[in-house]
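Down below is the structure, laid out as structure tokens.
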Amino acid sequence: DLISGFKQRIAFKCLGVDGLGVATKGVVKRGDGSIVFHVSSNHLGMGSFIVDTDSCKEYIAEFTSSDNIKKVMQLPLPSSNDNQLALSLKTDNANVVCSVLGRENIHKNKYLIIHSRGIPIGIYPVSIIKDRVLDLSGAPEGIITFALVDELGNTCSERLWFHRKEHRAAIDIAPLDNRVKLRSDAKIKLNLLSDSEWNSVKGNFSIS
């Protein structure tokens with residue numbers, strides 16, 4: 001459901017008859033014909049626009065594809081709900097700003113759990129995370145999960161963020177024998193090179 005009283009981002013994807021994404025541009029209008037948002041896809045027919053859930057109940061989209069095919073349709077947006085919460089994230093490098101969309105009187109006994117591969121990074125009551133800047137520079141590289149949960153552990157909203165670190169170890173691969181027989185084992189030597197000769201490289205690795 002959409003959250004009553006808040007502006008929210010709606011994602012879309014435009015497909016052709018072949019099922020592939022089609023580049024499009026156009027406008028989103030209210031029922032009275034006034035333009036809410038100019039839209040254009042940015043990758044494989046995908047894009048987004050922002051709506052105000054309280055200003056209008058009916059939205060109409062007018063899209064024109066890259067091959068000049070025009071479509072006009074009423075947007076089947078979800079209904080607004082006063083008793084829902086949603087988690088919003090804004091990221092800047094390793095800093096994440098968390099916000100919770102929803103009425104404050106239902107924030108009670110709600111928590112934000114941040115974890116990576118099931119290992120907790122932080123747990124915060126919703127009452128203290130409004131627009132709070134979290135420094136996750138020490139978090140492991142990879143997918144970080146932000147889950148908004150109630151006191152029973154039920155997930156109200158969830159967001160994923162990919163944490164990419166700037167300094168990464170280089171891998172040097174060298175074969176021990178250039179002559180390998182068909183379907184026989186091949187031996188190679190792997191060297192993990194850190195950004196400093198004094199730093200050892202530790203971690204879990206897989207190879208394919």
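The values are calculated or read from the model by the stated rules, or taken from the named source; none is laboratory data. What you see is a predicted model; the values in this text were computed from it and never measured. Note that we place each Cβ from the backbone using ideal geometry, even for glycine, and neighbour counts take in every protein chain shown. What goes into the accessible areas is simple: the full protein's heavy atoms, side chains included, and nothing from ligands, DNA or RNA. Shrake-Rupley method; radii C 1.70, N 1.55, O 1.52, S 1.80 Å.
Return the residues of segment 67-85 that are surrounded by 10 or more Cβ atoms within 10 Å (Cβ to Cβ) and among the polar types (S, T, N, Q); say none if nothing qualifies. Give the derivation first.
Filtering segment 67-85 down to residues surrounded by 10 or more Cβ atoms within 10 Å (Cβ to Cβ) leaves 69-75, 77-78, 80-85.
Result: Q74, S80, N81, N83, Q84.
From the set of residues in segment 51-66 that are acidic (D, E) and loosely packed, with under 14 Cβ neighbours inside 10 Å, which is farthest from the chain's Cα centre (by Cα)? Walk me through it before giving the result.
Step one: list which residues in segment 51-66 are acidic (D, E), which gives 52, 54, 58, 62.
Then drop every residue that is not loosely packed, with under 14 Cβ neighbours inside 10 Å, which leaves 52, 54, 58.
Working: D52: 21, D54: 25, E58: 27 Å.
Taking the candidates together, the pick is E58.
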Select from segment 100-132 the residues that are open to solvent by 40 Å² or more (accessible area, probe 1.4 Å) and of a type in the set (A, V, I, L, M) and list them in ascending order. I113, I119, I121, I123, I128
Please enumerate the residues belonging to segment 1-41 that are closer than 17 Å to M73 by Cβ, in contact (Cβ under 8 Å) with a residue 40 or more places away in the chain and of a type in the set (A, V, I, L, M). I10, V22, V28
Tell me whether segment 41-48 contains one or more residues that are assigned to a loop (DSSP other than H, G, I, E, B), open to solvent by 70 Å² or more (accessible area, probe 1.4 Å) and under 30 Å from V126 (Cβ atoms). no
The number of residues in segment 2-18 that are open to solvent by 50 Å² or more (accessible area, probe 1.4 Å) and either closer than 16 Å to I69 by Cα or in a strand (DSSP E or B) (or both) is 7
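Report yes if some residue within segment 172-184 is in contact with a helix residue (DSSP H, G or I) (Cβ under 9 Å, 6 or more places away or on another chain), assigned to a loop (DSSP other than H, G, I, E, B) and either surrounded by 14 or more Cβ atoms within 10 Å (Cβ to Cβ) or of a type in the set (D, E) (or both); otherwise report no.
Of the residues in segment 172-184, the ones in contact with a helix residue (DSSP H, G or I) (Cβ under 9 Å, 6 or more places away or on another chain) are none.
No, because not a single residue in segment 172-184 is in contact with a helix residue (DSSP H, G or I) (Cβ under 9 Å, 6 or more places away or on another chain), assigned to a loop (DSSP other than H, G, I, E, B) and either surrounded by 14 or more Cβ atoms within 10 Å (Cβ to Cβ) or of a type in the set (D, E) (or both).
Do we find that V27 is β-branched (V, I, T), more than 22 Å from L101 (Cβ to Cβ) and part of a strand (DSSP E or B) in this structure? First the steps, then the outcome.
Working: β-branched (V, I, T): yes; more than 22 Å from L101 (Cβ to Cβ): yes; part of a strand (DSSP E or B): yes.
The answer is yes for V27.
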Tell me whether segment 39-46 contains one or more residues that are in contact with an Asp or Glu (Cβ under 8 Å, 6 or more places away or on another chain), β-branched (V, I, T) and over 28 Å from R103 (Cα atoms). no
With respect to the numbered conditions (1) exposed (fewer than 15 other Cβ atoms within 10 Å of the Cβ); (2) touching a residue at least 60 places away in the same chain (Cβ under 8 Å); (3) farther than 17 Å from G5 by Cβ, which one is the sole condition not fulfilled by L152? (2)
Members of segment 108-146 found to be of a type in the set (S, T, Y), at pLDDT below 90 and assigned to a strand (DSSP E or B), listed by number: Y124
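Tell me which residues, restricted to segment 37-51, are among the β-branched types (V, I, T) and closer than 14 Å to G26 by Cβ.
Of all residues in segment 37-51, those among the β-branched types (V, I, T) come to 39, 50-51.
Selection gives V39 alone.
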Restricting the first residue to segment 48-77 and requiring it to be of a type in the set (K, R), which pairs with a second residue that is modelled with pLDDT of 80 or more meet a Cβ separation below 6 Å and a spacing of at least six or different chains? K70/T64; K71/F63
